[in-house]
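Data block below; observations after.
The values are calculated or read from the model by the stated rules, or taken from the named source; none is laboratory data. Everything numeric here is computed off the predicted structure, so don't read it as measured data. Here the Cβ positions follow ideal geometry from the backbone for every residue, glycine too, while neighbour counts run over all protein chains shown.
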Amino acid sequence: MRLEIKKNNNYKWFGEISDKYSFLKDFLQKDIKKLNQLKIIKKDIKNEVGILENEKILVKKFKYKNILHKLKHKLLKSRANHLFHISTLLENKRMNVPEPIFYLDGFDHN
């Protein structure tokens, strides 16, 4: 299921949410700021992994090394998009992977 969240006039989040977790769509649209309030369990130059407070949801944020890397992922599929679809495919084949719930890509229109 497609997901679009408007953060402000210049910034939007786009992504997908699995049908099983479509009930989280309203939560994400109302409380998108909670994604910045993670209990961080790993942080390095490429990724940030954390848990949503009072939720059993693991969130992985991808960072970009430089402007060229960021541009590449705006033109092609992002790492979040790619991993969401690969995890869904593997889960459908009954492989033991973390259940994909949603992914979001943010875009600044300035």
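Some points to look at:
- Every pair of residues 6+ apart whose Cβ atoms lie under 7 Å, when the first sits in the stretch 4-23 and is farther than 14 Å from Y103 by Cβ while the second is at pLDDT below 75 and surrounded by 13 or more Cβ atoms within 10 Å (Cβ to Cβ): K6/K12; K7/W13; K7/I32; Y11/G106; K12/I5
- Residues located in the stretch 34-56, provided they are within 13 Å of the chain's Cα centre (by Cα) and exposed (fewer than 14 other Cβ atoms within 10 Å of the Cβ): N36, N47
- Scanning the stretch 67-110 for residues that are touching a helix residue (DSSP H, G or I) at 6+ places or on another chain (Cβ under 8 Å) and among the aromatic types (F, W, Y) yields F102, Y103, F107.
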